[in-house]
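Chemist: I'd like to ask some things about the structure below.
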Amino acid sequence: MSRRLDITVLVDPVTIPPDDRELRHPPNKPITEYHVCGALRHLGHRVTVLGAEYDIASVAKTLAQQSPDLVFNLTEQFCGDRRLDKNIAALLELLEIPFTGAGAMGLMLARDKNLCKQILTLHRIRVPSFMALPHNRTVRVSKNLPYPMIVKPAFEDSSEGIANASLVYDAEALLERAAFIHERWQQDAIAEEYIEGRELYVSVLGNKRLTVLPPRECAFNAEGDEGPTILTYRCKWDDDYRQKWKIDFGFAEDLDSNVLRSIQRICKRVYRALQLQDYGRIDLRLTPDDKLVILEANPNPDIAYGEEVAEAAEKAGIDYESLIDRIVRLALKRYT
Ligand SMILES: Nc1ncnc2c1ncn2[C@@H]1O[C@H](COP(=O)(O)OP(=O)(O)O)[C@@H](O)[C@H]1O
Ligand SMILES: [Mg+2]
């Protein structure tokens, strides 16, 4: 067990119920914040919960007063804007308080789906061909795009803005979907070549030495042309819908050992190229001719019990408390 630490768990304030400000009484549904706080308390740490409220000056003041040994950073946005997740990390960097997960730079590089793909391209890591569709600017769409393309908000997460209508088959539909995203999400969009193949989620732990956990898979099992082949918002969040279309999350069991080694290598390269820290999850597709194409990298992915990272860790023999303990240790080690 780690030595007993004062840990402030920094969360999005909407996750703190007014009648349970220290997150001691988990509700019935799985919520990451409770799982992490529970594990940290079991590990013997003194846990304080703090919301990254709109009044950031008072958050900074509280953090400076608390001066914890570590901030466990569970924030993914600030005041509803995911683009500002990096600014919370930047604040912690300025306050010189050790914190878990990616720093401001890692969050910035991975958050922007266009920038992230540019960086990976520079590193010669295969990504779908793509074009940026900036908000408030006229874009000329090349005639030779490899349709179907998938059009997505550039800065969102958790399949926000991804529906079956995101898959487009011509320039007109592409521009229409981009205009919808600009209007609804008030942000840039990206259009990517649709990559057919198995969808894999690969969790990585570490900093100097990286551990790649067993790949998970989202299997789209609907027969014929029926059913979604992308993880739309509905697929991700609606259990009945997934059941209807035979979409299952599980382990990618039958991977060829060469493919598995390539996955491990490429995921480590992505993790380093995008400056992820402590833990991360790389999402990719394995094409029918065994090419690996990176869809995205997630710094600070969901570490709720039962979610992708925790499931993969468990399979590798790292139970939930040990996973949280490992993240704490990895974070602290970066500061010694
Ligand atoms: N280029 C692509 N080719 C095939 N499927 C894609 C592509 N981009 C996204 N998808 C599908 O959409 C899902 C969500 O896209 P992603 O870029 O990971 O957004 P988010 O950040 O919201 O998770 C992916 O898990 C995948 O199923
Ligand atoms: Mg994703």
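Chemist: If you wrap region 48-135's Cα atoms in a convex hull and average its projection over all directions, what's the area in nm²? Could the numbers behind the result be given before it?
Modeler: Values: hull surface 28.4 nm².
One quarter of the hull surface, i.e. the mean projection, equals 7.1 nm².
Chemist: Separate question: Does region 131-203 come out rounded, prolate or oblate, given a ≥ b ≥ c as the square roots of the eigenvalues of its C-alpha gyration tensor, rounded meaning a/c under 1.5 and, failing that, prolate meaning a/b above b/c?
Modeler: Note, shape of region 131-203 comes out oblate.
Chemist: So what's the gap between the Cα centers of region 178-214 and region 145-174, to the nearest angstrom?
Modeler: 13
Chemist: Choose one of 91, 150, 322: the residue whose Cα lies farthest towards the positive end of the charge dipole of the chain (beta-carbon charges +1 Lys, Arg; -1 Asp, Glu; about the Cα centre).
Modeler: 91
Chemist: With the dipole of the chain worked out from charges on the C-beta (+1 for Lys and Arg, -1 for Asp and Glu) around the Cα centre, which of 163, 203, 178 lies farthest toward the positive end?
Modeler: Result: 203, furthest along the dipole toward the positive end.
Chemist: Once you sort the root eigenvalues of the Cα gyration tensor of region 238-282 as a ≥ b ≥ c, which label holds: rounded (a/c under 1.5), prolate (a/b larger than b/c) or oblate (the other case)?
Modeler: Cα axes put region 238-282 in the oblate bin.
Chemist: While we're on this one: Using amide H atoms built in the peptide plane, which far-off residues or other-chain residues are under 5 Å from residue 48 H to H?
Modeler: 7, 8, 9
Chemist: Whole-Hz ³J(HN,Hα) for each residue in region 206-213, computed from phi via Karplus 6.51 cos²θ - 1.76 cosθ + 1.60 with θ = phi - 60°, x for glycine and proline: what do you get?
Modeler: x, 9, 5, 9, 10, 10, 9, 7
Chemist: Which net charge results for the neighbourhood of residue 297, defined as the other residues with beta-carbon distances under 9 angstrom from its beta-carbon, given Lys and Arg at +1 and Asp and Glu at -1?
Modeler: The answer is -1.
Chemist: With θ taken as phi - 60° and the coefficients 6.51, -1.76 and 1.60, list the Karplus ³J(HN,Hα) couplings across region 66-82 in order, rounded to whole Hz; mark glycine and proline as x.
Modeler: Per-residue couplings from phi come out as 5, 6, x, 5, 7, 9, 8, 8, 9, 6, 10, 6, 10, 6, x, 9, 5 Hz.
Chemist: Further, regarding this structure: Region 112-173: which chymotrypsin sites (Phe, Trp or Tyr not before Pro) are DSSP loop and have at most 12 other beta-carbon atoms within 10 angstrom? Can you show the working numbers first?
Modeler: On the way: sites: 130, 155, 169; in loops: 155, 169.
Within region 112-173, the qualifying chymotrypsin sites (Phe, Trp or Tyr not before Pro) (loop, at most 12 other Cβ atoms within 10 Å) are 169.
Chemist: Here's a follow-up. Within 10 Å of each candidate Cβ there may be at most 12 other Cβ atoms; applying that plus a DSSP loop requirement, which trypsin sites (Lys or Arg not before Pro) in region 94-162 survive?
Modeler: Sites meeting the loop and neighbour criteria: 124, 137, 140, 143.
Chemist: Compute the projected area of the convex hull of the Cα atoms of region 203-270, averaged over all viewing directions, and report it in nm² to one decimal place.
Modeler: Details: hull surface 23.7 nm².
If I average the Cα hull's projected area over directions, I get 5.9 nm².
Chemist: Could you do me a favour and compute the accessible area per residue for region 96-171, 1.4 Å probe, result in Å²?
Modeler: In whole numbers, region 96-171 has 48 Å² accessible per residue.
Chemist: Step through the table entries 113/152; 236/315; 29/236, compare each Cα-Cα distance with 18 Å, and write down the pairs that go over it.
Modeler: As for pairs spanning more than 18 Å Cα to Cα, those are 236/315.
Chemist: Just in region 227-275: which trypsin sites (Lys or Arg not before Pro) are loop by DSSP and have at most 13 other Cβ atoms within 10 Å?
Modeler: When the trypsin sites (Lys or Arg not before Pro) of region 227-275 are filtered for loop state and at most 13 Cβ neighbours within 10 Å, 246 remain.
Chemist: Report the one residue of 310, 300, 31 whose Cα lies farthest in the direction of the positive end of the charge dipole of the chain (charges on C-beta: Lys and Arg +1, Asp and Glu -1; origin at the Cα centre).
Modeler: The residue sitting farthest along the positive end of the dipole is 300.
Chemist: For residue 251, which sequence-distant residues (separation of 5 or more, or a different chain) have an amide H within less than 5 Å of its own amide H, given hydrogens modelled in the peptide plane?
Modeler: 217
Chemist: Gain in length, residue 244 to residue 64, computed as 0.36 nm per residue apart minus the alpha-carbon separation, to one decimal in nm? Mind dumping the intermediate values first?
Modeler: On the way: separation 180, 0.36 × 180 = 64.80 nm, distance 5.04 nm.
Between residue 244 and residue 64, full extension yields an extra 59.8 nm.
Chemist: Pull up all non-local amide H partners of residue 189: gap of 5 or more, or a different chain, and H-to-H distance under 5 Å with H placed in the peptide plane.
Modeler: 133, 135, 154
Chemist: Based on DSSP H runs of at least 4 residues, each adding -39500 (n - 2.57), what is the mean residue ellipticity at 222 nm of the chain after dividing by all its residues, to the nearest 500 deg cm²/dmol?
Modeler: Estimated from H runs of four or more residues: -10500 deg cm²/dmol.
Chemist: Which order do you get for 323, 94, 167 if you rank them by accessible area with a 1.4 Å probe, largest at the top?
Modeler: 94, 167, 323
Chemist: Quick one: net charge around residue 113, please, counting Lys, Arg +1 and Asp, Glu -1 for every other residue with C-beta under 11 Å from its C-beta.
Modeler: Here the count lands on -3.
Chemist: Using a 7 Å offset from the Cα along the Cα-to-Cβ direction at both residue 175 and residue 83, what is the distance between the two label points in nm, to one decimal?
Modeler: 2.4
Chemist: Let me ask something additional. Rounded, prolate or oblate: pick one for region 147-249, where a ≥ b ≥ c are the square roots of the eigenvalues of its C-alpha gyration tensor, a/c under 1.5 means rounded, and failing that, prolate if a/b is larger than b/c, else oblate.
Modeler: Working: a/c = 1.93, a/b = 1.28, b/c = 1.51.
Judged from the Cα gyration tensor, region 147-249 comes out oblate (a/c at least 1.5, b/c at or above a/b).
Chemist: Quick one: 3J(HN,Hα) in Hz for region 21-28, Karplus 6.51/-1.76/1.60 with θ = phi - 60°, rounded, Gly and Pro as x.
Modeler: 5, 9, 6, 9, 10, x, x, 5
Chemist: Give me the net charge of residue 244's neighbourhood, meaning all other residues with Cβ under 15 Å from the Cβ of residue 244; Lys, Arg count +1, Asp, Glu -1.
Modeler: After counting each charged neighbour, the total is -2.
Chemist: Continuing with this model, one more query. Calculate log10 I(q)/I(0) of the chain for q = 0.15 Å⁻¹, where I(q) comes from the Debye formula with a single equal point scatterer on each Cα and nothing for solvent.
Modeler: -1.36
Chemist: Another question, then. Scale the Cα Rg of region 186-336 by the rule-of-thumb value 2.2 N^0.38 Å and send over the ratio, two decimals.
Modeler: On the way: Rg = 16.1 Å, N = 151, 2.2 N^0.38 = 14.8 Å.
Rounded to two decimals, the normalised Rg is 1.09.
Chemist: Quick one: angle between helix 85-95 and the longest Cα principal axis of the chain, in degrees between 0 and 90, rounded to 10, please.
Modeler: 30
Chemist: Between helix 257-273 and the chain, what is the angle of the helix's C-alpha long axis to the longest principal axis, kept within 0 to 90° and rounded to the nearest 10?
Modeler: That helix lies at roughly 60 degrees to the long axis.
Chemist: If R0 is 25 Å, what FRET efficiency do you get for residue 222 and residue 254 from their C-beta distance, rounded to 0.05?
Modeler: 0.80
The values are calculated or read from the model by the stated rules, or taken from the named source; none is laboratory data. All values derive from a computational prediction rather than experimental measurement. Backbone-built Cβ (ideal geometry, glycine too); neighbour counts: all protein chains shown. For the accessible areas, the whole protein counts, side chains as well, though only heavy atoms, and no ligand, DNA or RNA atoms are used. Shrake-Rupley method; radii C 1.70, N 1.55, O 1.52, S 1.80 Å.
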